[in-house]
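**Student:** Take this structure first; my questions come after.
The values are calculated or read from the model by the stated rules, or taken from the named source; none is laboratory data. Please read these numbers as outputs of a predicted model, since none were measured by experiment. Glycine gets a Cβ as well: all are built from the backbone with ideal geometry, and neighbour counts include every protein chain shown. Ligands, DNA and RNA are excluded from the accessible area calculation, which covers all protein heavy atoms including side chains. Shrake-Rupley method; radii C 1.70, N 1.55, O 1.52, S 1.80 Å.
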Amino acid sequence: MSIVEDPLLCGFRAAMRRLASSVAIVAARGEAGPVGIAATSITSLTMDPPSILVCVNRASSLHACLAIDAPLSINLLSRDQVEVSAAFGGGVQNPQRFEVGLWGNGEYRLPMLKDAQANLCCVVDRLVEYGTHTIVIAQVESVACCNAVNPLIYQDGVYL
Ligand SMILES: Cc1cc2nc3c(=O)[nH]c(=O)nc-3n(C[C@H](O)[C@H](O)[C@H](O)COP(=O)(O)O)c2cc1C
């Protein structure tokens, strides 16, 4: 049954369009170069241990980089980084996506986005498959924040 015909899926999609979320780039150092995707499914999980959750589509290029103990960077976008989100959301392919925005290398040679709201260096602790996605639980090893709090928000299919 298609989403158009199914009232539950129609309602679910409409409800999720009303869920405002910060946009992040989740990135890894793949065998053939850097790999990253735009993601809004980021949640702060616990302070003890400092950990974060992200849901990654199993069809996405980043999925091949997911393994226990694999390093990941999570780069929370600033409001003026819409172009970065558009590129990593599918507008540009990996690894050319990393030509959009200013990228440097962090610990584990992880791609780190300059001028992001925050850069988190993480290591994957758990992977839980659910439907089309894998829920990734990662422990946070280090954090860098910029001064101004000005996150890029995605809501109802547009950036605020
Ligand atoms: C604002 C925004 C939020 C997204 N959130 C997620 C997400 O949380 N998880 C996910 O797997 N894909 C998410 N996507 C889709 C991926 O970024 C997109 O499918 C990505 O380009 C896949 O990369 P690939 O073509 O290299 O596989 C989001 C896209 C956008 C534009």
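**Student:** Which one of these does P50 not meet: (1) open to solvent by 60 Å² or more (accessible area, probe 1.4 Å); (2) closer than 22 Å to L160 by Cα?
**Tutor:** It fails just one condition, (2).
One line per residue, one yes/no per condition, for (1) in a loop (DSSP other than H, G, I, E, B); (2) within 10 Å of the ligand (Cβ to nearest atom):
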| position | (1), (2) |
| --- | --- |
| E5 | yes, no |
| G11 | no, no |
| A14 | no, no |
| L19 | yes, no |
| I25 | no, yes |
| A28 | no, no |
| V35 | no, yes |
| S44 | no, no |
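**Student:** From the list V54, V128, V124, which residue is under 19 Å from E31 (Cβ atoms) and part of a strand (DSSP E or B)?
**Tutor:** V124
**Student:** Okay, moving on. Can you confirm whether N119 is touching a residue at least 40 places away in the same chain (Cβ under 8 Å), closer than 20 Å to G30 by Cβ and in a loop (DSSP other than H, G, I, E, B)?
**Tutor:** So N119 fails the test.
**Student:** Still on this structure: Taking only the range 113-136 into account, find how many residues are closer than 18 Å to S61 by Cα and open to solvent by 30 Å² or more (accessible area, probe 1.4 Å).
**Tutor:** 8
**Student:** Give me a count of the residues in the range 64-95 that are in contact with a helix residue (DSSP H, G or I) (Cβ under 7 Å, 6 or more places away or on another chain) and either part of a loop (DSSP other than H, G, I, E, B) or open to solvent by 50 Å² or more (accessible area, probe 1.4 Å) (or both).
**Tutor:** 2
**Student:** Also, quick follow-up: Would you say S85 is more than 13 Å from the ligand (Cβ to nearest atom), at pLDDT 95 or above and hydroxyl-bearing (S, T, Y)?
**Tutor:** No.
**Student:** Six or more apart or on different chains, Cβ under 9 Å: which pairs go from a residue in the range 4-23 that's open to solvent by 60 Å² or more (accessible area, probe 1.4 Å) and among the basic types (K, R) to one that's modelled with pLDDT under 95 and part of a loop (DSSP other than H, G, I, E, B)? Could you list them?
**Tutor:** Taking only residues 6 or more apart or on different chains, the pairs are R13/I3.
**Student:** Among the residues of the range 96-109, are any of a type in the set (S, T, N, Q), in a helix (DSSP H, G or I) and open to solvent by 30 Å² or more (accessible area, probe 1.4 Å)? Spell out how you get there, then give the answer.
**Tutor:** Within the range 96-109, the first condition is being of a type in the set (S, T, N, Q), and the residues that meet it are 96, 105.
Filter again for in a helix (DSSP H, G or I), leaving 96.
From what is left, the residues that are open to solvent by 30 Å² or more (accessible area, probe 1.4 Å) are 96.
Checking the range 96-109: at least one residue is of a type in the set (S, T, N, Q), in a helix (DSSP H, G or I) and open to solvent by 30 Å² or more (accessible area, probe 1.4 Å).
**Student:** Contact list please: Cβ distance under 9 Å, first residue in the range 30-47 and closer than 23 Å to I153 by Cα and in contact (Cβ under 8 Å) with a residue 60 or more places away in the chain, second residue assigned to a loop (DSSP other than H, G, I, E, B) and hydrophobic (A, V, I, L, M, F, W, C), pairs at least six apart or on different chains.
**Tutor:** Listed by first residue and then by second, the contacts come to T40/L19; T40/V23.
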